[in-house]
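Report on one structure; see the data block that follows.
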Amino acid sequence: NRLYMLDSQTGEVIRTLETGRNTLTLVPGISPDGRTVGVGDWEGTVYFWDADSGELIKTLDCLTWAHVVRWSPDGSKIAMLCYGDPGQIHVIDSDTFELLLTIKGETDLDFFIWFNWSPDSRRIAVAGGDDQIGTVSNPVYIFDAQSGEELLKIDRHTKGVSHVYWSPNGKRVVSGSTDDTTRVWDAETGTELLTLSTPGDWIVFPVWSPDGQHLLVMIHNTVGGPGKSGIWRVWQTTEELIDYANECCVFRELTPEEREQFGLTSAE
């Protein structure tokens, strides 16, 4: 029922933010300018504080369970993942707290789990599916953050997608799923670009390095199970991958017979 703000250098608690209620708080967010903090709770209330004074400045209703609060990178909007029947994303103005739009799935069976803003604040990627209720569809969505229009639906995971994150350049999204895979997608076309083997039965949490060259994937299994993390190289283009393969893995020229087998001329 409270948040602690810590000094990033010393780890010292510099401020405690109180909800005033005996309820569990969930995934908090902070504005890009560091001036406002928000968090939701199990009872569907979202709280906003002034980060400098600790003053509670606003509360909002968010269905039955307020899960994730995220500011857009440009600071103009706030999105809140509100669980209900089955769940919605409410996008509000960050200055007035006015509701701008509500994003929903195509049907009542589309269950939202997680979301993230694109780096340019124009789109929102959403992870879907729920293993506990056995949803048939486990999609990754991309919505227009201005209109709420569904721009893309990728429905190729076979179990719930626990997290989704944008690449730093906004051209790709990565999704972690309990179907034992982490996958990278083209954010415009939905083309699958990379599949990693990441066995996990609860949370698969992928994040990009700031330069977009690597993925860190944290795997958290159910209570009592092992957890682990791994780092993978991610190539930005096919040409970059070919160049890397030529540098690291080509040890000899192909024979004339091998060139004929692969349909290559002697000049290729």
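The values are calculated or read from the model by the stated rules, or taken from the named source; none is laboratory data. Quick caveat: nothing in here was measured; it's all calculated off a predicted structure. Note that we place each Cβ from the backbone using ideal geometry, even for glycine, and neighbour counts take in every protein chain shown. Calculation scope for accessible area: heavy atoms of the full protein, side chains included, ligands and nucleic acids excluded. Shrake-Rupley method; radii C 1.70, N 1.55, O 1.52, S 1.80 Å.
Summed over region 188-212, the residues that are of a type in the set (S, T, N, Q), outside any strand (DSSP E or B) and more than 17 Å from the chain's Cα centre (by Cα) give a count of 2. Listed by first and then second residue, the pairs linking a residue in region 80-105 that is touching a residue at least 60 places away in the same chain (Cβ under 8 Å) to a residue that is open to solvent by 20 Å² or more (accessible area, probe 1.4 Å) and assigned to a strand (DSSP E or B), with Cβ atoms under 6 Å apart and 6 or more places separating them unless they lie on different chains, are 94/77.
Taking (1) under 19 Å from the mean Cα position of the chain (by Cα); (2) more than 21 Å from residue 121 (Cβ to Cβ) in turn, residue 78 satisfies each apart from (2). When you scan region 178-191, do you find a residue that is touching a residue at least 60 places away in the same chain (Cβ under 8 Å), closer than 17 Å to residue 72 by Cβ, crowded, with 22+ Cβ neighbours inside 10 Å and among the hydrophobic types (A, V, I, L, M, F, W, C), even just one? Yes: one or more hits.
Selection of region 5-56 for residues being open to solvent by 70 Å² or more (accessible area, probe 1.4 Å), outside any loop (DSSP other than H, G, I, E, B) and either aliphatic (A, V, I, L, M) or touching a Pro at 6+ places or on another chain (Cβ under 6 Å) (or both) yields 6, 13, 14, 30, 56. Scanning region 206-223 for residues that are modelled with pLDDT under 85 and open to solvent by 30 Å² or more (accessible area, probe 1.4 Å) gives 220, 222, 223. How many of the residues making up region 143-163 are of a type in the set (A, V, I, L, M, F, W, C) and over 12 Å from residue 175 (Cα atoms)? Result for region 143-163: 4.
For region 116-142, which residues satisfy the criterion of being polar (S, T, N, Q) and either outside any loop (DSSP other than H, G, I, E, B) or farther than 14 Å from residue 172 by Cα (or both)?
Taking region 116-142 as the starting set, the residues that turn out to be polar (S, T, N, Q) are 116, 118, 121, 132, 135, 137-138.
Of everything in region 116-142, those that are polar (S, T, N, Q) and either outside any loop (DSSP other than H, G, I, E, B) or farther than 14 Å from residue 172 by Cα (or both) turn out to be 116, 121, 132, 135, 137, 138.
Got a sec? Which of 46, 91 is among the aliphatic types (A, V, I, L, M), within 14 Å of residue 112 (Cβ to Cβ) and modelled with pLDDT of 95 or more? Give the steps one after another, and end with the answer.
Numbers: 46 fails: within 14 Å of residue 112 (Cβ to Cβ).
Testing whether each residue is among the aliphatic types (A, V, I, L, M), within 14 Å of residue 112 (Cβ to Cβ) and modelled with pLDDT of 95 or more leaves just 91.
If you go through region 173-187 and keep only what is part of a loop (DSSP other than H, G, I, E, B) and closer than 14 Å to residue 151 by Cα, you end up with just 187. When each of 226, 256 is tested for being modelled with pLDDT of 75 or more, open to solvent by 30 Å² or more (accessible area, probe 1.4 Å) and farther than 15 Å from residue 140 by Cα, the lone residue that passes is 256. Flag: residue 113 does not match the condition of being open to solvent by less than 10 Å² (accessible area, probe 1.4 Å), closer than 21 Å to residue 28 by Cα and either part of a strand (DSSP E or B) or not charged (D, E, K, R) (or both).
Exactly one residue among 41, 95, 61 is of a type outside the set (Ser, Thr, Tyr), within 21 Å of the chain's Cα centre (by Cα) and more than 28 Å from residue 187 (Cβ to Cβ), and that residue is 41. For region 147-177, a residue qualifies if it is polar (S, T, N, Q), open to solvent by 10 Å² or more (accessible area, probe 1.4 Å) and touching a residue at least 40 places away in the same chain (Cβ under 8 Å), and the qualifying residues are 147, 162, 169.
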